[in-house]
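Worksheet: one structure, shown below.
The values are calculated or read from the model by the stated rules, or taken from the named source; none is laboratory data. Just so it is clear, the model here is predicted, and its values are computed rather than measured. Cβ placement follows ideal geometry from the backbone for every residue including glycine, while neighbour counts extend to all protein chains displayed.
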Amino acid sequence: MQVHFIIILNMITIKKFVFIDFQVNSFVLYDETGQSVLVDPGCGSVDEMNVLVSFIEVKKLQPGKIICTHGHIDHILGTGPLATQYSVPVCIHRADLPFFERSLEQAEMFGLTLIAKPRADNFLDDEELISFGNSQLKVIHLPGHSPGGVGFYCREQDFIITGDVLFRGSIGRTDLPGGSYKTLLDSIHSKLMVLPDTTVVHCGHGPETTIGDERSTNPFLL
């Protein structure tokens with residue numbers, strides 16, 4: 001008698017959107033169940049909001065929460081209206097709550113318009129697991145660009161979303177309130193450079209890279 005085994009591999013699909021003049025990378029992550037999370041929705045207009053919403057509708061996705069790598073205004077512009085539309089919580093690290101509380105001032109400072117004021121509902125902790133569908137992401141606290149910066153790591157699929165901590169050939173700026181160059185480098189070396197060289201890094205701006213490429217070529221890390 002032949003015995004056949006069916007192995008179902010859970011697979012996260014990552015859809016990237018690039019919004020506003022800041023060219024912020026926003027992501028929708030979903031798996032085969034249709035459950036999803038929205039990461040750093042930087043939609044700065046109704047048209048951009050409609051692009052994101054249309055994708056969710058076409059794919060028949062069910063957003064479960066909004067998770068933010070940090071609280072700078074370009075990464076949280078769309079959290080308010082999207083949280084209302086989908087009745088989902090917005091999750092950040094507690095140390096970046098002041099940025100949400102000063103979102104209007106942030107928007108004015110950078111010439112941006114808020115469709116609706118962002119809110120923070122739940123706080124993310126270092127090494128917390130975020131679950132959706134059959135998938136999980138691990139929260140990694142990465143202070144330095146901002147006090148509450150975090151990354152979202154998937155060991156099974158070998159990728160991490162880092163916000164503005166690490167870029168291809170560069171690192172996040174540290175001249176904004178709460179930034180620290182030393183702390184940022186400590187975060188990168190102790191939390192990111194310990195990951196496999198093959199780990200794909202989805203950055204907050206610009207193209208993807210890998211841990212191995214940044215380890216060997218990033219001038220800030222040599």
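Confirm whether Glu57 is over 16 Å from Gly204 (Cβ atoms), more than 19 Å from the chain's Cα centre (by Cα) and not in a loop (DSSP other than H, G, I, E, B). Write out each step before concluding.
Working: over 16 Å from Gly204 (Cβ atoms): yes; more than 19 Å from the chain's Cα centre (by Cα): yes; not in a loop (DSSP other than H, G, I, E, B): yes.
Spelling it out, Glu57 is indeed over 16 Å from Gly204 (Cβ atoms), more than 19 Å from the chain's Cα centre (by Cα) and not in a loop (DSSP other than H, G, I, E, B).
Search segment 70-91 for residues being part of a loop (DSSP other than H, G, I, E, B) and of a type outside the set (S, T, N, Q), and hand back the single one that is nearest to Asn50 (Cα to Cα). Steps first, please.
Here is the first cut: in segment 70-91, the ones part of a loop (DSSP other than H, G, I, E, B) are 70-72, 77-78, 87-89.
Filter once more, so that each one left must be of a type outside the set (S, T, N, Q): 70-72, 77-78, 88-89.
Details: His70: 23, Gly71: 22, His72: 22, Leu77: 14, Gly78: 11, Val88: 18, Pro89: 20 Å.
For segment 70-91, the residue satisfying everything is Gly78.
Restricting the search to segment 194-222, which residues are surrounded by 17 or more Cβ atoms within 10 Å (Cβ to Cβ) and out of contact with any Asp or Glu (no Cβ under 8 Å at 6 or more places or on another chain)?
Leu195, Thr209, Glu214, Asn218, listed by residue number.
Given the criteria crowded, with 18+ Cβ neighbours inside 10 Å, more than 16 Å from the chain's Cα centre (by Cα) and modelled with pLDDT under 95, does Gly44 qualify?
Criteria met by Gly44.
Taking into account only those residues within segment 11-40 that are in contact with an Asp or Glu (Cβ under 6 Å, 6 or more places away or on another chain) and not aliphatic (A, V, I, L, M), which is surrounded by the fewest Cβ atoms within 10 Å (Cβ to Cβ)?
Phe22
Give the number of residues within segment 148-187 that are among the aromatic types (Phe, Trp, Tyr) and more than 18 Å from Asp125 (Cβ to Cβ). Before you say what the answer is, go through the steps one by one.
First, pick out the residues of segment 148-187 that are among the aromatic types (Phe, Trp, Tyr): 152-153, 159, 167, 181.
Now drop any that are not more than 18 Å from Asp125 (Cβ to Cβ), which leaves 159, 167, 181.
Count: 3.
Filter segment 92-104 down to the residues that are part of a helix (DSSP H, G or I) and either surrounded by fewer than 18 Cβ atoms within 10 Å (Cβ to Cβ) or hydrophobic (A, V, I, L, M, F, W, C) (or both) and list them by number.
Arg94, Ala95, Leu97, Pro98, Phe99, Phe100, Glu101, Leu104
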